[in-house]
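The values are calculated or read from the model by the stated rules, or taken from the named source; none is laboratory data. Bear in mind that the values here come from a model prediction, so they are computed numbers and not experimental data. Glycine also receives a Cβ, built like all others from the backbone with ideal geometry; neighbour counts cover every protein chain displayed. Areas reflect the complete protein model, heavy atoms only, side chains present, ligands, DNA and RNA absent. Shrake-Rupley method; radii C 1.70, N 1.55, O 1.52, S 1.80 Å.
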Amino acid sequence: MEFLRNAWYLVAWSGDVKPNELLGRTVLERPLVLLRGAEGDLVALDDRCPHRFAPLSRGRFDGRTIACGYHGLEFDTTGTCIRNPHGAGRIPRAATVRRHPVVERHGAVWLWAGDREPDPSMIPDFSRLDTDDTTTRRDHLVMDVPYDLIVDNLLDCSHTSFLHDGILGNEGMLDTATEVTQVGTTINVIRSSESVPPPGMFDMLFHNDGAPVDTWTDFRWDPPSHLLLDVGVTAPGRPREEGVGYFGTHILTPETSTTTHYFTTASRWGVRPGTESDEMRLKISDMRRFAFEEQDEPMIRAQHATIAAFARAEGAPTRPVLLETDSGVVRWHRIMDGLIAAERRDA
Amino acid sequence: MEFLRNAWYLVAWSGDVKPNELLGRTVLERPLVLLRGAEGDLVALDDRCPHRFAPLSRGRFDGRTIACGYHGLEFDTTGTCIRNPHGAGRIPRAATVRRHPVVERHGAVWLWAGDREPDPSMIPDFSRLDTDDTTTRRDHLVMDVPYDLIVDNLLDCSHTSFLHDGILGNEGMLDTATEVTQVGTTINVIRSSESVPPPGMFDMLFHNDGAPVDTWTDFRWDPPSHLLLDVGVTAPGRPREEGVGYFGTHILTPETSTTTHYFTTASRWGVRPGTESDEMRLKISDMRRFAFEEQDEPMIRAQHATIAAFARAEGAPTRPVLLETDSGVVRWHRIMDGLIAAERRDA
Amino acid sequence: MEFLRNAWYLVAWSGDVKPNELLGRTVLERPLVLLRGAEGDLVALDDRCPHRFAPLSRGRFDGRTIACGYHGLEFDTTGTCIRNPHGAGRIPRAATVRRHPVVERHGAVWLWAGDREPDPSMIPDFSRLDTDDTTTRRDHLVMDVPYDLIVDNLLDCSHTSFLHDGILGNEGMLDTATEVTQVGTTINVIRSSESVPPPGMFDMLFHNDGAPVDTWTDFRWDPPSHLLLDVGVTAPGRPREEGVGYFGTHILTPETSTTTHYFTTASRWGVRPGTESDEMRLKISDMRRFAFEEQDEPMIRAQHATIAAFARAEGAPTRPVLLETDSGVVRWHRIMDGLIAAERRDA
């Protein structure tokens, strides 16, 4: 699988990188170690000592110095070797660890994976994460499937009526057009239904009486795989502001060609009296995690295995049959193919 | 591994395909879904929705319509898409699932895996399965070895005296000639012993006194891997009809190049008073399953691993040393090589 | 990975090969079966029956005859087929099993893996194993890493101060020069420290008072991967003979390109009153096994995975940065590269 390189990838929630700890995390096939310097600055280094290639994440860190756990070479947080504890202590000039550009924003750590100058303005706006105190647990799942099949899953959310029937969708929401708009490389995939039975989770958050609602499920996608979901319900014919909903972050980072970091959270708005509590936030987190881990992942894994099995059996991959609901899926692939082709030309 | 394509393969016992259920089963590397239509007709389709390649076997089936579990496309039992539940509901012409020819016979489902016109007269005669009420459990094992090593195992049943010593063979049966006859592409491999100690299972079914018996173990093989065993014992010098025996079906279907569906059963004849009961049928099933799973499979798996290890260590495969007892083994390979070569020429 | 062929490899401790038993063991990717003949002679054969390639180690052995467990062919301990138990019993001339040269010495079984005439004088001297009654358990571990990374680990024992901190090394031992001497293809890697805190295991064996000691850690390496460790402590400024120490055998045999047989033991000298007992021998065995299995192996496995991951990510392997402590590591690789290149030229 060819990845887009000159792009930001979310590699950890800020809170995952704890003081004086080393966090090993593989991103785009490359093992990295994440740490927080004494001044609170976030650092990403190759997770490999240049001496004998032990992972630095198996070493020790005191806030200033990383000591390799194998032979004890010490590095500062720029990746420069500052101590060889053995014998005369000579430090070879090549004893450095590659440092990768990272930016901390929206409570998350973003890594620039390319050779071009990093441009922080390319980090999509997830500012909802900065302000809202009704945000669910910041979740991190590792899914045993390639990242592109998860983006396909999200941008064709017609699947919610089947795979997440009762929780996130239902039969009543089927008669929905899928509209796609594009500005620059940002896509919006917009779906709404009028006067339909409320999906389980939204009924719980709204009137909890099963009465019909208007619903919407709008996804914003930015390259390479950063999605913001604007989802909610309101009383039939009423403005969205009178209803309830949440902004869902669905940010995917390839770990390898076949496994994916899934970073997700939801920040609610229009909270009804009696529906906001730690317990409720946990309940929503658990419900979403169930949908991703117990419904999406097994299906996508089966889909991935099926694609591979038929490619073997037939000697070549097959092209999918496209439906109108695939318009978002088609669009994001077209944009990514263009960006990757441009990157290949530049290299 | 190259498979013979224009041939019938047993893919399921009839009873395994239950009303309103979808049965996923991989055959010759290809994932299929089996189902029984409302009229009882047996259907085999590619286990892959043409839209996003989810396995159809993860969907729902009501006897008439298969609904994909991912985005809800619906298909009839010919594999034609009959409903797109989303938006305007347009159905692309290419939205079809490949249907494979199947025939139900002898309580089993036979799949034609080739491109030529299927010829049901090529299904070997297993009519013993139709009539006999003393048939053991219809067993289905998946063995973690290539199918050809299992055919080798069966067609050289000189191994029973060692690998199944006490149950299906013994030292006394060694002094046996192996005779091979061929009619068309059907082979018979014939072995018999006179006045030898009875193998454990046959003593149990016959006089249960350990007295010497005449034994025979005759295998019929038809391409690609369909074996009928005629095995039994009788009193020394007496006609076979006065003894006891069973017809064993040993039908092998490659799941992949390295794993195999093993369909097996035994129908007894010459049943002695007091030896026929549900309990006895279960006992024989269990004894045979023990022989296949606890004796044959580990040995064949070790053989397979040894072949692979030496091919790696020596850079090339080694040819086996042939014994007289291999005459059946040599013959079936020669026939299969010819059929596969002819198929390759035609293609 | 290319192995040195014309060399001795330790394949088992003598006691592992028990009378009338067959021991299957893979060495340099090749499955072997080891056995002890009726006269006590040690034999190594290919672990493969020439008939159908079942592993002979799954058969039976009575001290004179190996009977294959699959179809019962019998072999003498030279690997010659001496009985075909079936039918007329004809034995094909090709029915032989390759026998490999082995020598039993120092309570261990040494296999010659090359095509040249075996030269027993090339077996390094491990005579300490013959005489010393204070030898710990003869241990055999299979490590899930390539053998060369274990040799690297041992010949740069500067790692003991970090990976085995408290048990086998400590910070005080860092200010140590690494000296390498070479005679023929034998290397000695010599390290010593003066007046440093005693590592845990040695304090236990010496005065058990934590008082400073002089220490030494001298490794002798012979091709391909046979190491003898001379390690000990003595009172500051006193001769080594007044201290305590042990000779450690660390003999590595590649099982496959990525897994390794690790044969190890330690024979003590200078035993203090009250420190010699079966319990103490067991305690030292357990402590060493802990260091190898719980400290070395996980680190080397992580190192191996890191090397592989970066080779994938960067499309090519990286060269390590060398420190002075690597002088032994550099030397053994240079000798082995030369020996393997010479062997390739001769072939």
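With respect to (1) open to solvent by less than 40 Å² (accessible area, probe 1.4 Å); (2) over 18 Å from A:Pro320 (Cβ atoms); (3) out of contact with any Leu (no Cβ under 9 Å at 6 or more places or on another chain), the lone exception for B:Phe53 is condition (2). For the stretch B:163-178, the set of residues classified as open to solvent by 20 Å² or more (accessible area, probe 1.4 Å), within 10 Å of chain C (Cβ to nearest Cβ) and within 13 Å of B:Ser192 (Cα to Cα) consists of B:Asp175, B:Ala177, B:Thr178, listed by residue number. Based on what the data block shows, is C:Ala44 open to solvent by less than 10 Å² (accessible area, probe 1.4 Å) and touching a Phe, Trp or Tyr at 6+ places or on another chain (Cβ under 9 Å)? So C:Ala44 fails the test. Report whether or not A:Leu149 is at pLDDT below 95 and within 14 Å of chain B (Cβ to nearest Cβ). No: the conditions fail for A:Leu149. Counting only strands (runs of 3 or more DSSP E) wholly contained in the stretch C:1-105, the ones carrying 3 or more residues that are more than 10 Å from chain B (Cβ to nearest Cβ) and among the hydrophobic types (A, V, I, L, M, F, W, C) occupy C:8-13, C:30-36, C:42-46. Within the stretch A:308-316, can one find any residue that is free of Cβ contacts under 8 Å to residues at least 40 places away in the same chain and among the aromatic types (Phe, Trp, Tyr)? Yes: the stretch A:308-316 contains one or more residues that are free of Cβ contacts under 8 Å to residues at least 40 places away in the same chain and among the aromatic types (Phe, Trp, Tyr). Filtered by the rule that a residue be in contact with a strand residue (DSSP E or B) (Cβ under 7 Å, 6 or more places away or on another chain), closer than 28 Å to A:Ile82 by Cα and surrounded by fewer than 21 Cβ atoms within 10 Å (Cβ to Cβ), the stretch A:103-146 gives A:Val103, A:Glu104, A:Pro118.
Within this structure, A:Thr160 passes the test of being in contact (Cβ under 8 Å) with a residue 40 or more places away in the chain and open to solvent by less than 60 Å² (accessible area, probe 1.4 Å). Can you name the helices (runs of 4 or more DSSP H) wholly within the stretch C:252-347 that have at least 1 residues being charged (D, E, K, R) and within 14 Å of chain A (Cβ to nearest Cβ)? Once the helices (runs of 4 or more DSSP H) in the stretch C:252-347 are filtered for at least 1 residues that are charged (D, E, K, R) and within 14 Å of chain A (Cβ to nearest Cβ), what remains is C:297-314.
For the stretch B:256-279: of the residues being of a type in the set (Gly, Ala, Ser) and more than 14 Å from the chain's Cα centre (by Cα), which is most open to solvent (accessible area, probe 1.4 Å)? Step by step, filter the stretch B:256-279, then rank; the result is B:Gly274. Quick one: count up the residues across the stretch C:312-340 that are open to solvent by 30 Å² or more (accessible area, probe 1.4 Å), more than 19 Å from A:Cys68 (Cα to Cα) and either at pLDDT 95 or above or not aliphatic (A, V, I, L, M) (or both). Residues meeting the conditions: 12. Would you mind telling me which numbered condition in (1) part of a strand (DSSP E or B); (2) more than 22 Å from the chain's Cα centre (by Cα); (3) modelled with pLDDT under 95 B:Val233 fails? Condition (3) is where B:Val233 drops out.
May I ask you to list the residues in the stretch B:40-65 that are more than 21 Å from B:Pro92 (Cα to Cα) and touching a strand residue (DSSP E or B) at 6+ places or on another chain (Cβ under 7 Å)? Of everything in the stretch B:40-65, those that are more than 21 Å from B:Pro92 (Cα to Cα) and touching a strand residue (DSSP E or B) at 6+ places or on another chain (Cβ under 7 Å) turn out to be B:Leu42, B:Val43, B:Ala44, B:Ser57, B:Arg60, B:Phe61. Say we look at the stretch A:1-36 and pick out the residues that are open to solvent by 10 Å² or more (accessible area, probe 1.4 Å) and small (Gly, Ala, Ser); which of these is nearest to A:Pro146 (Cα to Cα)? So, considering only residues that are open to solvent by 10 Å² or more (accessible area, probe 1.4 Å) and small (Gly, Ala, Ser), the one nearest to A:Pro146 (Cα to Cα) is A:Gly24. Each residue in the stretch B:1-24 was checked for being in contact with a helix residue (DSSP H, G or I) (Cβ under 9 Å, 6 or more places away or on another chain) and touching a residue at least 60 places away in the same chain (Cβ under 8 Å), and 8 of them qualify. Close Cβ contacts (under 6 Å, 6 or more residues apart or on different chains) running from residues in the stretch A:83-112 that are free of Cβ contacts under 8 Å to residues at least 40 places away in the same chain to residues that are of a type in the set (S, T, N, Q) comprise A:His86/C:Ser158; A:His86/C:Thr325; A:Ile91/A:Asn84. Candidates are the residues of the stretch B:122-158 that are under 28 Å from B:Thr181 (Cα atoms) and hydroxyl-bearing (Ser, Thr, Tyr); the one that is nearest to the chain's Cα centre (by Cα) is B:Tyr147. Exactly one residue out of C:Leu252, C:Leu228 is under 28 Å from A:Gly59 (Cα atoms) and either modelled with pLDDT of 95 or more or surrounded by 21 or more Cβ atoms within 10 Å (Cβ to Cβ) (or both): that is C:Leu252.
The residue that is most open to solvent (accessible area, probe 1.4 Å), among those in the stretch B:179-211 that are within 13 Å of chain C (Cβ to nearest Cβ) and among the charged types (D, E, K, R), is B:Glu179. Among the residues examined, A:Gly184 qualifies as without any contact (Cβ under 8 Å) to a residue 24 or more places away in the chain and closer than 24 Å to A:Asp148 by Cα.
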